[in-house]
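Presented below is the structure to which this report refers.
The values are calculated or read from the model by the stated rules, or taken from the named source; none is laboratory data. None of the values given here were measured: they were computed from a predicted structure. So basically every Cβ, Gly included, is an ideal-geometry build from the backbone, and we count neighbours across all protein chains shown.
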Amino acid sequence: MYKTHITASSAAVLKEPEQFLAIVRAVKKTGGKILENWIPRLVKRRKEVEIKESVLFRRVKEAIIRSDFLIAECSYFSTSVGINIEKAISLKIPVLCLYLREKEKNLSGGLVKGINSPLLVIKEYSPATILEVLKKFIKEIRKKRIKYTIFLTRRQAEYIEWLAQKRKRQSDSATSFKSEVVRKLIDEAMLKDKTYKAKNFL
């Protein structure tokens, strides 16, 4: 099972609900868990609900951090979608950017095409093809990224937590980034290891 968050224009969800529900169904059919599964709730209510901006920002940010990858529907102009994509990439989280053929010129107001990162994958889709598009993306991601579950001693866990809290204070963030701290420690060790570098792995 994988975890993901879907970011999209809420106005577009209300206008074309079946298009976005097809993405939700595709995630479930491929064994995924959607964090902050807001699309079905919005479709059911048929109107947006006022949520304090700081609360919404925190919930979305936490969902992105916990995701194995982000799904971004980019067929419609949306500044928030672009911001969420940039947030995911800054955390080294892959992004599947989806667009409808007839909406390619939009791609979230040009924000997406301005992002140059191997973590960003842009794919055309339709409600009829989304399942296959998602399956292929997941297959490629699994080739490139390996998910580890490790057991730490209490002292090791406390150190990682301390580093994460330190990073949180330095970035004035409401969330700590323990996984990012671990990745950074590994990257630094790789750069310092002369034997590893001598083998041309870097």
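So which of 166, 143 ends up being at pLDDT below 80, over 16 Å from residue 30 (Cα atoms) and either touching a His at 6+ places or on another chain (Cβ under 6 Å) or assigned to a helix (DSSP H, G or I) (or both)? On inspection, the qualifying residue turns out to be 143. Quickly run through region 89-135 and pick out the residues that are touching a strand residue (DSSP E or B) at 6+ places or on another chain (Cβ under 8 Å), under 20 Å from residue 30 (Cα atoms) and of a type in the set (Lys, Arg). Result: 123, single match.
For residue 119, the test of being surrounded by 15 or more Cβ atoms within 10 Å (Cβ to Cβ), in the same structural domain as residue 29 (by TED's automatic domain parsing), at pLDDT 90 or above and within 29 Å of residue 58 (Cβ to Cβ) is passed.
Per-residue answers, yes or no, for (1) in contact (Cβ under 8 Å) with a residue 24 or more places away in the chain; (2) hydrophobic (A, V, I, L, M, F, W, C); (3) more than 25 Å from residue 92 (Cα to Cα):
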residue: 8; (1), (2), (3): yes, yes, no
residue: 17; (1), (2), (3): yes, no, yes
residue: 21; (1), (2), (3): no, yes, yes
residue: 31; (1), (2), (3): yes, no, no
residue: 36; (1), (2), (3): yes, no, no
residue: 40; (1), (2), (3): no, no, yes
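Taking each residue of region 152-163 that is in contact (Cβ under 8 Å) with a residue 24 or more places away in the chain and of a type in the set (A, V, I, L, M, F, W, C) and looking for partners that are surrounded by 11 or more Cβ atoms within 10 Å (Cβ to Cβ) and part of a helix (DSSP H, G or I) with beta-carbon atoms closer than 6 Å, six or more apart or interchain, yields nothing.
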